[in-house]
1. Quick one: Debye curve from the C-alpha atoms of region 82-193, no solvent, what's log10 I(q)/I(0) at q = 0.19 Å⁻¹?
2. With viscosity set to 0.890 mPa s at 25 °C, what whole-number translational diffusion coefficient in µm²/s follows for region 28-79 from Stokes-Einstein and a Kirkwood radius over Cα pairs?
3. Consider just the alpha-carbon atoms of region 58-128 and return their Rg together with their Dmax, both in angstrom.
4. Read phi for every residue in region 77-87 and hand back ³J(HN,Hα) as whole Hz from Karplus 6.51 cos²θ - 1.76 cosθ + 1.60, θ = phi - 60°, with x for Gly and Pro.
5. According to a simple spin-label model (label point 7 Å from Cα along Cα-to-Cβ), what is the distance in nm between A91 and Q187?
6. Which listed residue (A117, A107, A166) has the Cα farthest towards the positive end of the charge dipole for region 58-196, taking +1 on Lys and Arg C-beta and -1 on Asp and Glu C-beta about the Cα centre?
7. Determine the sum of side-chain charges near A107: Lys and Arg each +1, Asp and Glu each -1, restricted to other residues whose C-beta is under 15 angstrom from that of A107.
8. In nm, give the distance between the simple-model label positions of A107 and A131, each being 7 Å from the Cα along the Cα-to-Cβ direction.
Amino acid sequence: MASAAPLPHDPAPPRRAPRAPAHVPGSHTRGGNAMGRTRAGLLDGAVRAFAERGLRGSTMQSVAAAAGVAKATLYNHFRTKDEVARALLAAELDRLTALVAGSAPGAALTALADEVAGHPVLRRVGGDEPAVLTGLLATSPERWAELVDRLATALGADADVAELTARWLLGLVLQPGEPAVRRATAQRLAHLVRPD
């Protein structure tokens with residue numbers, strides 16, 4: 001895969017408070033972990049900013065604005081826009097893995113295909129900035145291996161079928177096709193996971 005050009009970066013503020021440790025006394029509330037909720041809100045803002053402007057067109061300021069927080073709050077959690085994008089990718093991987101956990105292969109693959117084909121950030125990046133997405137996945141063989149491993153676990157598939165599935169899903173980002181065709185392909189792939 002070709003290496004993507006680096007994303008434009010916002011300069012870090014001249015002074016930044018050190019990151020808080022994972023557990024800060026007083027950071028937990030009856031509603032759960034306040035820092036975790038803040039981070040989730042920041043990632044929700046990233047989805048909105050990236051879907052609207054793309055990864056290259058977004059800035060730390062636009063992500064913070066979409067999340068409804070000050071830019072300093074965003075910098076307390078993420079140092080760069082690349083870090084935000086990687087965290088969003090990891091969070092989406094977690095969400096998709098949880099979505100299909102325990103599902104039959106055909107249902108899991110159909111759900112994954114529909115989610116990937118309809119994801120607002122993937123739609124924007126796949127259409128306008130495909131090299132950026134490829135770069136996010138290609139910069140680290142470990143990141144791709146993690147994706148394949150998680151698919152193998154979620155589907156109960158061997159590594160080769162999981163690799164094929166990951167490549168198919170990545171292809172859907174660039175060309176989602178018609179829902180009926182995606183679903184038929186998902187069912188054909190399901191037979192590779194558990195042949196009749």
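1. So the normalised log intensities are -0.99.
2. The estimated diffusion coefficient comes to 221 µm²/s.
3. 15.0, 44
4. 10, 9, 7, 9, 5, 4, 5, 4, 4, 5, 5
5. Here the answer is 3.6 nm between the modelled labels.
6. A117
7. +2
8. Result: 4.3 nm between the two label points.
Every number here is computed from the coordinates shown, using simple stated rules; none is lab data. This structure is a prediction, so every number in the text was calculated from the model and none was measured. As a convention, Cβ positions derive from the backbone with ideal geometry for all residues, glycine included, and neighbour counts pool all protein chains shown.
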